[in-house]
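Structure first, then comments.
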Amino acid sequence: MKKVLFISWDGPQTSYMEGLFFPIFSEIQKQSDYEFHVLQFTWAEKEKLDKIKSAAEQNNIKYVSSKIHRKPVASLGSMFTVFNAPKIINQFIRQHGIDVLMPRSTFPAMMINRLSNKGVKVIFDADGLAIDERVDFSGLSKKSLMYKILKSAETKLLNNSDAVITRSQKAIDIHVNTIGEKNRSKFSVVSNGRNIEHFKFNSLKRAEIRKELGVEANAKLWVYCGSLGPQYGWDEMMEIFSLYHKNNSNSRFLILTGNIEFAKNHINEDLKDLCTIKSVAFSEVPNYLSASDLAFALRQPTYSMQGVAPIKLGEYLLMGLPSIASKGIGDSEDILRQIPGNFIFDHSDKNAISKAVEFAENLEVDKESLRQAGIKYFSIEESAKSYVKVLNELQ
C-alpha cells in the first residue's frame with residue numbers, strides 16, 4: 001500500500017476539504033491501493049476543526065491539522081508557519097511512512113521547496129492559478145515583492161515535482177509556457193467530482209421545497225448555489241432574472257450561499273420579495289436544486305479563471321438542471337458546447353443579457369441527458385480515476 005500526504009493551507013471559512021477532497025480521496029482508496037493522509041495548515045477554531053475531523057473519519061481519511069500563526073501580524077505569522085513547516089512534514093513522513101506528497105497551491109509549495117527529505121515523490125496540485133487570482137481579486141501587484149516570492153516558489157515546484165495536476169487544460173498551457181514545453185508530459189488534468197447518488201433529482205422533495213418557498217407549480221424557479229462576491233456575476237444574475245421576471249411575474253430566484261450578508265446587502269430593493277436567500281447544509285443542497293428549474297454558473301472571466309473547474313456546474317448537471325454559465329472559465333465552455341440545453345454567457349457581448357433571457361424563455365429541458373453528461377464529466381468515480389492514473393504513473 002502506498003501512502004499519500006495531501007498538504008493544504010486554508011482559512012476557517014473554507015469547506016472544500018470536507019465537501020470535495022475527502023470524498024474524492026475516499027473513492028480513490030476504494031478504487032486502488034493508496035491510503036490518504038491530510039495535513040491541513042489552518043487558523044480555524046476548535047468547532048470548525050471538529051467538523052473537519054468528523055468528515056475525515058466518515059470518509060476513512062487520516063486527518064491532522066497544524067496551526068497557522070497570525071501574530072504579531074498575519075503576514076509575519078504566515079512566514080513563520082511556512083519556515084517551520086518542513087520540520088512538521090519531515091516528522092510526518094517518517095512517522096507514517098509517506099510515499100507521495102501532494103502539496104496544494106502556493107504556501108504548501110514553499111514548504112516542499114524547503115524540505116530535506118528527498119525520498120518521496122511529489123505531485124504538485126497547482127489548483128487553479130492561485131497567484132493570479134490574488135492579482136485579479138485581492139489587489140496583489142505583479143510588481144510587488146510578495147508576488148515575486150510566490151511566483152518563484154510556484155515555478156520552482158513546477159520544475160522540481162514529479163507530476164503536476166491542474167483542473168483545466170488551459171492551466172497546463174499557461175504553466176508550460178512558464179517552465180518550458182519539455183515538461184508538458186508531467187502535467188495532467190484531474191476533475192472535481194461529486195457523488196452521483198447524492199446529487200440526484202427527487203420529485204417528492206421538489207414538491208415539498210416549492211411549497212415551503214411558496215413557488216407556484218407552473219412558475220420557473222431560478223437558482224444560484226455557492227459563494228458570492230463581485231467575481232461571481234452578481235450583477236449579471238440580478239439583471240437577467242429581473243428582465244425575465246417582467247414577462248413571467250410568478251418566477252422566483254433562490255440563492256443558496258454561506259455569504260448571506262453579501263446577498264442581503266447587494267440585492268436590488270425591487271427584487272427583495274422575489275428572492276429567497278438561504279444557507280443550507282450540504283446534505284440538503286440536492287433537495288433545493290430538485291425544486292429549481294434553471295441555474296446560474298457565472299464567474300468573471302479574468303485571466304486566473306482559466307485555471308478553475310466550477311464544481312457547481314457538475315452539481316447542476318447531475319441534478320438535470322440547465323445552466324447559464326460563463327465563457328472563458330477553465331475548460332467548462334468546451335464541455336458545455338457538447339451538452340445541449342445550456343447557455344454559454346459571453347461577458348464581452350453587449351447583448352448577452354437579452355440572449356440569456358431569450359434562452360430561458362424558450363427553454364426545453366431533457367433532465368436525463370443533462371444528468372448523463374454530469375455523470376460522464378463530473379462523477380466522483382471519474383474524478384478518482386483521473387487521480388489514480390497520475391499516481392500510478394509515478395511508479
Can you give me the number of residues within segment 227-258 that are part of a loop (DSSP other than H, G, I, E, B), over 21 Å from Q13 (Cα atoms) and touching a helix residue (DSSP H, G or I) at 6+ places or on another chain (Cβ under 7 Å)?
1
Of those in segment 270-301 that are surrounded by fewer than 17 Cβ atoms within 10 Å (Cβ to Cβ) and of a type in the set (S, T, Y), the residue modelled with the lowest pLDDT is S283
Condition first: small (G, A, S) and either in contact with a Lys or Arg (Cβ under 9 Å, 6 or more places away or on another chain) or free of Cβ contacts under 8 Å to residues at least 24 places away in the same chain (or both). Now tell me which residues in segment 131-153 satisfy that.
S138, G139, S141, S144, S152
Could you pull out the residue among S8, S26 that is part of a strand (DSSP E or B), modelled with pLDDT of 90 or more and hydroxyl-bearing (S, T, Y)?
S8
Taking segment 179-226 and keeping residues closer than 22 Å to A291 by Cα, in a helix (DSSP H, G or I) and of a type outside the set (S, T, Y) leaves L204, K205, R206, A207, E208, I209, R210, K211, E212, L213
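Residues that are farther than 26 Å from E212 by Cβ, assigned to a helix (DSSP H, G or I) and either free of Cβ contacts under 8 Å to residues at least 40 places away in the same chain or in the same structural domain as Y224 (by TED's automatic domain parsing) (or both): does segment 310-327 have at least one? Spell out how you get there, then give the answer.
First pass over segment 310-327, keeping only residues farther than 26 Å from E212 by Cβ: 310, 325-327.
So of that shortlist, the ones also assigned to a helix (DSSP H, G or I) come out as none.
The answer is no; no qualifying residue exists.
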All but one of (1) exposed (fewer than 15 other Cβ atoms within 10 Å of the Cβ); (2) assigned to a loop (DSSP other than H, G, I, E, B) hold for E261, so report the exception by its number.
(2)
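Within segment 244-258, which residues are over 18 Å from A297 (Cα atoms) and surrounded by fewer than 19 Cβ atoms within 10 Å (Cβ to Cβ)? Step through it out loud before you land on a result.
The first filter runs over segment 244-258 and keeps only residues over 18 Å from A297 (Cα atoms), leaving 245-251.
Within segment 244-258, K246, N247, N248, S249, N250 meet the criteria.
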I'd like to know if segment 61-70 contains one or more residues that are assigned to a loop (DSSP other than H, G, I, E, B), modelled with pLDDT of 95 or more, within 23 Å of V190 (Cα to Cα) and in the same structural domain as M111 (by TED's automatic domain parsing).
yes
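Please tell me if F124 is closer than 24 Å to T42 by Cβ, not assigned by TED's automatic domain parsing to the domain that holds S332 and not in a helix (DSSP H, G or I).
On the way: closer than 24 Å to T42 by Cβ: yes; not assigned by TED's automatic domain parsing to the domain that holds S332: yes; not in a helix (DSSP H, G or I): yes.
Considered against the rule, which asks whether it is closer than 24 Å to T42 by Cβ, not assigned by TED's automatic domain parsing to the domain that holds S332 and not in a helix (DSSP H, G or I), F124 comes out as yes.
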Return the total of residues in segment 30-53 being over 16 Å from P103 (Cα atoms), within 21 Å of the chain's Cα centre (by Cα) and polar (S, T, N, Q).
0
Can you give me the number of residues within segment 283-309 that are under 16 Å from the mean Cα position of the chain (by Cα) and free of Cβ contacts under 8 Å to residues at least 60 places away in the same chain?
2
Tell me yes or no: at least one residue of segment 178-186 is without any contact (Cβ under 8 Å) to a residue 60 or more places away in the chain, touching a helix residue (DSSP H, G or I) at 6+ places or on another chain (Cβ under 6 Å), farther than 30 Å from G229 by Cβ and among the polar types (S, T, N, Q).
no
Residue count, segment 100-120 (criterion: in contact with a helix residue (DSSP H, G or I) (Cβ under 9 Å, 6 or more places away or on another chain), among the basic types (K, R) and either more than 17 Å from V82 (Cβ to Cβ) or outside the structural domain of R167 (by TED's automatic domain parsing) (or both))
0
Considering every residue within segment 86-105, establish whether at least one is of a type outside the set (A, V, I, L, M), assigned to a helix (DSSP H, G or I) and under 22 Å from the mean Cα position of the chain (by Cα).
no
What single numbered condition from (1) under 19 Å from Y16 (Cβ atoms); (2) buried (at least 23 other Cβ atoms within 10 Å of the Cβ) fails to hold for M319?
(1)
Just need a number here: residues in segment 337-378 that are buried (at least 21 other Cβ atoms within 10 Å of the Cβ) and within 30 Å of D33 (Cα to Cα).
4
Pairs, first farther than 23 Å from R134 by Cα in segment 97-123, second of a type in the set (D, E, K, R) and not in a loop (DSSP other than H, G, I, E, B), C-beta under 6 Å, six or more apart:
G97/K3; I98/K3; D99/K2; D99/K3; V100/K121
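The values are calculated or read from the model by the stated rules, or taken from the named source; none is laboratory data. Because the structure is a prediction, the values reported are computed rather than measured. When we count neighbours, we look across all protein chains shown, and the Cβ atoms used for this are built from the backbone with ideal geometry, even at glycine.
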